[in-house]
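Let me begin by presenting the structure, written as structure tokens, before commenting on it.
The values are calculated or read from the model by the stated rules, or taken from the named source; none is laboratory data. Keep in mind that this is a model prediction, so the values were computed, not measured. No Cβ is skipped: glycine too gets one built from the backbone with ideal geometry, and neighbour counts run over all protein chains shown. For accessibility, only protein heavy atoms count, side chains too; no ligands or nucleic acids. Shrake-Rupley method; radii C 1.70, N 1.55, O 1.52, S 1.80 Å.
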Amino acid sequence: VGGNMSDLAYLRGLYAAGAEDSFDILSANAFGMDRPPDDPASPDVLNFRRAELLREIMVQAGDADKPIWFAEYGWNAAPADAEEVLWRRVSEPTQAAWTVDGVELAETSWPWAGVFNIWYFRQWGGLAPDRAVYYFRMVDVDWTPRRLYQAVQAAMQERDVAGPG
């Protein structure tokens, strides 16, 4: 889109250039867009499971021992009239449920997955509520928790150990 390079082509290019010894962890973004966490991976679709395609490239390059950490992860719960809905949109209840479901899918199916950084906890107050990016947040600018925060908090009550990587 607009001259952007595919993340898959970029990773293949890194390996072709011999960069495998230049990183210990692959950092990736995992935005679900408007698709559920179990939506199948496909090279022509941006979704959560696209990370599996990155992983395939790593395995093919002989780099299966490295984890993938997710620098930005989540779904956007922007209202239908928000500006710049690049990441598509889901409802707040869906955002909360799918965020937890995605981590649970990774815990059971992706032994190579490490850190999940939910995009984002709280913005600094410089984004207006008419912009879609405002609605990735876990808490409002005034620290009021959103459904996403509450769902993640409840899901984390049962966990006491960090994941691999």
Next item on the list: Look at residue 59 and say whether it is under 17 Å from residue 28 (Cβ atoms), surrounded by fewer than 16 Cβ atoms within 10 Å (Cβ to Cβ), without any contact (Cβ under 8 Å) to a residue 60 or more places away in the chain and in contact with an Asp or Glu (Cβ under 9 Å, 6 or more places away or on another chain).
Entry: no
Item checked: Any hit, the stretch 136-145, residues being within 28 Å of residue 6 (Cβ to Cβ), surrounded by fewer than 19 Cβ atoms within 10 Å (Cβ to Cβ) and either modelled with pLDDT under 95 or of a type outside the set (D, E, K, R) (or both) -> no
Note to self: Take the conditions part of a strand (DSSP E or B) and hydrophobic (A, V, I, L, M, F, W, C) and apply them to residue 143. Does it pass?
What the structure shows: no
Check: Right, residue 70: touching a strand residue (DSSP E or B) at 6+ places or on another chain (Cβ under 9 Å) and open to solvent by 30 Å² or more (accessible area, probe 1.4 Å) or not?
Finding: no
Note to self: Looking at 82, 77, 51, can you tell me which residue is closer than 21 Å to residue 119 by Cβ, over 18 Å from the mean Cα position of the chain (by Cα) and surrounded by 15 or more Cβ atoms within 10 Å (Cβ to Cβ)?
What the structure shows: 82
Next item on the list: Report, by residue number, each residue of the stretch 92-126 that is more than 15 Å from residue 51 (Cβ to Cβ), open to solvent by less than 50 Å² (accessible area, probe 1.4 Å) and in a loop (DSSP other than H, G, I, E, B).
Entry: 120, 123, 125, 126
Item checked: Number of the exception - residue 21 against (1) farther than 24 Å from residue 157 by Cα; (2) part of a loop (DSSP other than H, G, I, E, B); (3) out of contact with any Pro (no Cβ under 9 Å at 6 or more places or on another chain) -> (2)
Item checked: Residue among 8, 46, 26 that alone is within 16 Å of the chain's Cα centre (by Cα), modelled with pLDDT under 95, surrounded by 13 or more Cβ atoms within 10 Å (Cβ to Cβ) and not basic (Lys, Arg) -> 46
